[in-house]
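Notes for the one structure printed next.
The values are calculated or read from the model by the stated rules, or taken from the named source; none is laboratory data. Computed from a predicted model, the values in this text were never measured in an experiment. So basically every Cβ, Gly included, is an ideal-geometry build from the backbone, and we count neighbours across all protein chains shown. Just so you know, the surface numbers come from the protein's heavy atoms only, side chains and all, with ligands and any DNA or RNA stripped out. Shrake-Rupley method; radii C 1.70, N 1.55, O 1.52, S 1.80 Å.
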Amino acid sequence: MERIKAIIIKEWREVFKNKFVLFTVSFLPLMITILPLFVLYFAGGSDDFASISAADLPPQFEQLCGDVIGGDCMLYYIVTQFILLFMMVPVIIPMTIASYSIVGEKTTRTLEPLLATPVTTVEILVGKGLAGVIPAVLTTWIGYLVYAAGAYLMVSNTAVVSKLFDPLWMMAIFLVGPLLSLMGVSIAVMISSRVNDPRVAEQISGIFVLPVVGLFIGQMTGMILVNETFILWLAAALLVLDIVLFYFAVQVFQRETILSRWK
Amino acid sequence: MINNSPIIVTESLTKRFGEITAVNQLTLSVQRGEVFGLLGPNGAGKTTTVRMLAALLIPSGGTAQVAGFEIGEDDQDIRRKIGLLPESPGLYDSLSAEQNLAFFGSMYGVENIAEQIQKYLELLGLWNRRYEPVGTFSKGMRQKLAIARALLHEPEVLFLDEPTSGLDPQASKLVREFIEDLRGEGRTIILTTHNLEEADRLCDRVAVISGHLLALDAPGELRRKIFGRKVVFHLQEANQALVGTLEKFPFVSEVQAVDNKILAAVENPEEQNPELIRALVNGGAELQFVGELRRRLEDVYLELMGAVEDNNHGKN
């Protein structure tokens, strides 16, 4: 445990001295928190929403909104769409941190002395992984709480705001978020083993944000209905995926492979 | 300080990377407290050997024990017992010297970490720079810090891969002196180097490898085995009559006169020189002084490498 703690602290000391990483880690959550609040500020005070009736909305909205109807349902829909955007934060941040951390170790050739110590591969990966996952998850949670507080102040219908704390979104933020982070880290480890530029690793890893974007578009177009069942299935699938990806990340991160094949 | 119990034993140690055999059937043993040199050209398998012995690479064949533990089976135990200075210092540039050592101290589970950091930073003259980022350090300072890192957990065996490579003469001298100090402490050191003068000066024994083992012995013994021992007689004037005088002795060979000197290969100069000196004086020689023609380790190395090349040409 001491080794993992030391790796996490070392990673943060190193990676957060990189201005680009610091910018990515702070700017994205800031944007994803502020932009929806900005939209809510104008939408919440708009008269247009008051005139919307249940008949004006697509049929899947009824399922999504439950007892919240009409313009309030529309508002709730907008609020929840932004929550899906929050899901990008736990994927992108750990990918950025892990990419810079691992490619950085490759280019400065610091892995060999590290691997010569009694530290295990799992300890290295857990340490490096948590160094990416912890700030990502904390940022997501803090961003979500700020967003929920902002929504509470800007949306007059408390039924809409209270839905933000439904088990559905609690699970999405507090369960799916960390699982997405773990996925991001494992992917970044595997990609970083093949490239020598952290920006390239980050860009390739970026492809894996697309499923989250797909979720956002899917709900927007009515193809997917993000409800509790969907989130539970998603969490289960991510759990399995995380285990598989971590296994492959450990395989890629073998001492022999790193020293003889990582170039 | 050399103890007769071996701390490293390899038996037919082999490492292949696909079709390429980097290390082939290497059999050797290193005694406790010994400074052991691994010499060879680039690509000879020195670093691969060190990496196998440091439990970083898995051997393709053969066996090796380090500090009583088996490579491939007790790798974690081996890593606790050894310290490694790789070819590249591999330090975290944005961390300070102290943070670098503290991090590696945690990896080794060093308990008195603050004391150990102070001990080695002071020994290597870096204590006053401990809070500065390593990125601002000179190459020599980085190398010294990497040596401190390798010693932090007081390893039984220290692997130094090209410790003075790329350093200026002053920094090289400091590193060499530090290695000599470590030798005085009785620590086992495995040193790979291209600097043959350094190996000659520091190593108790050297192994010359080129994929496989070419020679293994103390530098002086290697010189004797390959070139024999040549005695130089400095005379007022050398002539063929005096050469003939020496050639009569059965234990003398390859006698030649060069300028005012006579060179002769003698089996055991310590015992046989007095007899030869008497014969020369009786033969009318005005002897000024007698010495031994000292071959450099470089000559031994080049001779061995030349034989490898000849062998390769022969095969082609």
| query | Considering only segment B:138-151, how many residues are within 13 Å of chain A (Cβ to nearest Cβ) and either more than 15 Å from A:Ala116 (Cβ to Cβ) or assigned to a loop (DSSP other than H, G, I, E, B) (or both)? | reply | 3
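Residues checked against (1) among the β-branched types (Val, Ile, Thr); (2) open to solvent by less than 60 Å² (accessible area, probe 1.4 Å); (3) away from every other protein chain (no Cβ under 11 Å):
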position: A:Ile4; (1), (2), (3): yes, yes, no
position: A:Glu14; (1), (2), (3): no, yes, no
position: A:Lys17; (1), (2), (3): no, no, no
position: A:Val21; (1), (2), (3): yes, yes, yes
position: A:Thr24; (1), (2), (3): yes, yes, yes
position: A:Phe27; (1), (2), (3): no, no, yes
position: A:Leu30; (1), (2), (3): no, no, yes
position: A:Leu35; (1), (2), (3): no, no, yes
position: A:Leu40; (1), (2), (3): no, yes, yes
| query | Taking only pairs six or more apart or across chains, which ones have beta-carbon atoms under 8 Å, a first residue in segment A:5-18 that is free of Cβ contacts under 8 Å to residues at least 12 places away in the same chain, and a second residue that is open to solvent by 60 Å² or more (accessible area, probe 1.4 Å)? | reply | A:Phe16/A:Leu22
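The rows are residues; the columns are (1) free of Cβ contacts under 8 Å to residues at least 40 places away in the same chain; (2) within 29 Å of the chain's Cα centre (by Cα); (3) surrounded by fewer than 21 Cβ atoms within 10 Å (Cβ to Cβ).
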position	(1), (2), (3)
B:Glu73	yes, yes, yes
B:Ala97	no, yes, no
B:Phe104	no, yes, no
B:Gly109	no, no, yes
| said: I'm checking my understanding of the structure. Among residues of segment B:295-316 that are open to solvent by 40 Å² or more (accessible area, probe 1.4 Å), modelled with pLDDT of 65 or more and of a type outside the set (D, E, K, R), which one is nearest to B:Asp200 (Cα to Cα)? | reply: B:Leu302
| query | Does B:Gly45 satisfy being among the small types (Gly, Ala, Ser) and surrounded by fewer than 19 Cβ atoms within 10 Å (Cβ to Cβ)? | reply | no
| The lone exception for B:Glu34 - which of (1) over 17 Å from B:Leu145 (Cα atoms); (2) among the acidic types (Asp, Glu); (3) open to solvent by 10 Å² or more (accessible area, probe 1.4 Å) it fails | (3)
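Name every residue in segment A:100-117 that is charged (D, E, K, R) and more than 27 Å from the chain's Cα centre (by Cα), in order of residue number. Talk me through it step by step, then tell me what you get.
Narrowing segment A:100-117 to residues charged (D, E, K, R): A:105-106, A:109, A:112.
A:Arg109, A:Glu112 - these are the residues of segment A:100-117 that are charged (D, E, K, R) and more than 27 Å from the chain's Cα centre (by Cα).
Can we say A:Ser260 is surrounded by 14 or more Cβ atoms within 10 Å (Cβ to Cβ) and either farther than 30 Å from A:Thr120 by Cβ or within 14 Å of chain B (Cβ to nearest Cβ) (or both)? Walk me through it before giving the result.
Details: surrounded by 14 or more Cβ atoms within 10 Å (Cβ to Cβ): yes; either farther than 30 Å from A:Thr120 by Cβ or within 14 Å of chain B (Cβ to nearest Cβ) (or both): yes.
So A:Ser260 fits the description; yes.
Assess whether B:Gly68 counts as being under 28 Å from B:Val110 (Cα atoms), under 23 Å from the mean Cα position of the chain (by Cα) and either in contact (Cβ under 8 Å) with a residue 12 or more places away in the chain or open to solvent by 30 Å² or more (accessible area, probe 1.4 Å) (or both).
yes
Among the residues of segment B:115-129, are any touching a strand residue (DSSP E or B) at 6+ places or on another chain (Cβ under 9 Å), touching a residue at least 60 places away in the same chain (Cβ under 8 Å) and assigned by TED's automatic domain parsing to the domain that holds B:Thr10? Write out each step before concluding.
Pass one, segment B:115-129, residues touching a strand residue (DSSP E or B) at 6+ places or on another chain (Cβ under 9 Å): B:129.
This time we only want the ones that are touching a residue at least 60 places away in the same chain (Cβ under 8 Å), so: none.
Within segment B:115-129, not a single residue is touching a strand residue (DSSP E or B) at 6+ places or on another chain (Cβ under 9 Å), touching a residue at least 60 places away in the same chain (Cβ under 8 Å) and assigned by TED's automatic domain parsing to the domain that holds B:Thr10.
Kindly evaluate B:Glu275 against the criterion of being more than 32 Å from the chain's Cα centre (by Cα) and not in a helix (DSSP H, G or I). Let's see the steps before the verdict.
Values: more than 32 Å from the chain's Cα centre (by Cα): yes; not in a helix (DSSP H, G or I): no.
Spelling it out, it is not the case that B:Glu275 is more than 32 Å from the chain's Cα centre (by Cα) and not in a helix (DSSP H, G or I).
Residue by residue through segment B:152-185, note down the ones that are in a helix (DSSP H, G or I) and not charged (D, E, K, R). I'd like the intermediate steps shown before the answer.
Taking segment B:152-185 first, the residues in a helix (DSSP H, G or I) are B:169-184.
Listed by number, the residues that qualify are B:Pro169, B:Gln170, B:Ala171, B:Ser172, B:Leu174, B:Val175, B:Phe178, B:Ile179, B:Leu182, B:Gly184.
For segment A:118-132, give me each residue that is outside any loop (DSSP other than H, G, I, E, B) and among the aliphatic types (A, V, I, L, M). Spell out how you get there, then give the answer.
First pass over segment A:118-132, keeping only residues outside any loop (DSSP other than H, G, I, E, B): A:121-132.
Those that are outside any loop (DSSP other than H, G, I, E, B) and among the aliphatic types (A, V, I, L, M): A:Val122, A:Ile124, A:Leu125, A:Val126, A:Leu130, A:Ala131.
Starting from residues that are of a type in the set (A, V, I, L, M) and without any contact (Cβ under 8 Å) to a residue 12 or more places away in the chain, keep the ones in segment A:201-240 and report whichever is farthest from A:Leu85 (Cα to Cα).
Going through segment A:201-240, the residues of a type in the set (A, V, I, L, M) turn out to be A:201, A:204, A:207, A:209-210, A:212-213, A:215, A:217, A:220, A:223-226, A:231-232, A:234-240.
Narrowing further to those that are without any contact (Cβ under 8 Å) to a residue 12 or more places away in the chain: A:207, A:210, A:217, A:223-224, A:236-237, A:240.
Values: A:Ile207: 15, A:Leu210: 11, A:Ile217: 10, A:Met223: 17, A:Ile224: 15, A:Ala236: 20, A:Ala237: 19, A:Val240: 23 Å.
Only one residue tops the list, namely A:Val240.
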| Which one is nearest to A:Val189 (Cα to Cα), of the residues in segment A:98-113 that are facing chain B (nearest Cβ under 7 Å) and open to solvent by less than 20 Å² (accessible area, probe 1.4 Å)? | A:Thr110
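For segment A:86-97, enumerate the residues that are open to solvent by 10 Å² or more (accessible area, probe 1.4 Å) and part of a helix (DSSP H, G or I).
So in segment A:86-97, the residues open to solvent by 10 Å² or more (accessible area, probe 1.4 Å) come out as A:88, A:92.
Result: A:Ile92, single match.
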| Restricting to segment A:207-241, what's the tally of residues that are farther than 13 Å from A:Leu179 by Cα, open to solvent by 60 Å² or more (accessible area, probe 1.4 Å) and aliphatic (A, V, I, L, M)? | 5
